[in-house]
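The values are calculated or read from the model by the stated rules, or taken from the named source; none is laboratory data. A quick note: this is a predicted structure, and the numbers were derived from the prediction, not measured. All Cβ positions, even for glycine, are placed from backbone atoms using ideal geometry, and neighbour counts span all protein chains on display. Accessible surface is based on the protein model in full, side chains and every heavy atom, while ligands, DNA and RNA are left aside. Shrake-Rupley method; radii C 1.70, N 1.55, O 1.52, S 1.80 Å.
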Amino acid sequence: MNSRNNPSESPVSGKQLTFLARLSLWDEKISKRLRIADHSSPLWKWAALLAHSGDSWFWAAGLLILWLAIRPWRSITAFLFITICLFALLVFGIKQIFKRRRPPGDWLPEIRNTDPHSFPSGHAARAFMLATLALLMGAPWLGLVTLIWAILVCLSRIMTAMHYLSDVLAGIVLGIAAGMIFCSLFPWIQESV
């Protein structure tokens, strides 16, 4: 077992171990309380739909279609496509460093096998990156709608047992930071496209 998943195998002092162990137990306990056990309930169906709405392939495909279909939107769709692709690579790299296993669950076994690591949540990071970009660059109504959507995506990732609360919180912080950085790069990317 990876020492990052089991605080008792971590090479830290007793005080830190106690703090890390308590923090990990708290994280697991809160995350478990937020999970939906009944996969046939309407709430589960909404959570699953919201969880998928943050998929990178979904956003990349949608942006590619918009880029091809609506000529005046080409610079913004190209910008968002590039940011989503670059950000997906960054999150994947971070997951390979931490290698925290996903919470126990049986939903989407193919994802659990191909992407078994949960820290940070790529969906939370992507949703909050897009919300940050919308808040900084878009109309106020678009920013608000995107922010509400991002919050719901984050909750759905915990409710469907794909992530722990700390995975999602780390994703939120990462997404906000990336959104701010990409927003500052937009003028340069717009000129290049």
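Details
- Positive-end residue of 79, 178, 160, charge dipole of the stretch 67-193 with Cβ unit charges: 160
- Averaged over its residues, the stretch 37-193 has an accessible area of 52 Å² per residue, based on protein heavy atoms and a 1.4 Å probe.
- Summing Lys and Arg as +1 and Asp and Glu as -1 over all other residues whose Cβ lies under 13 Å from the Cβ of residue 174 gives a net charge of +1.
- The phi torsions of the stretch 132-147, fed into the Karplus equation with coefficients 6.51, -1.76 and 1.60 and a -60° offset, translate into couplings of 4, 4, 5, 5, 7, 10, x, 5, x, 5, 5, x, 5, 4, 5, 5 Hz, rounded to whole numbers, with Gly and Pro shown as x.
- The Cα-based radius of gyration of the stretch 33-149, divided by its Kirkwood radius, gives an Rg/Rh of 1.00.
- Taking label positions 7 Å along the Cα-Cβ direction at both residue 151 and residue 74, the computed distance is 3.8 nm, reported to one decimal.
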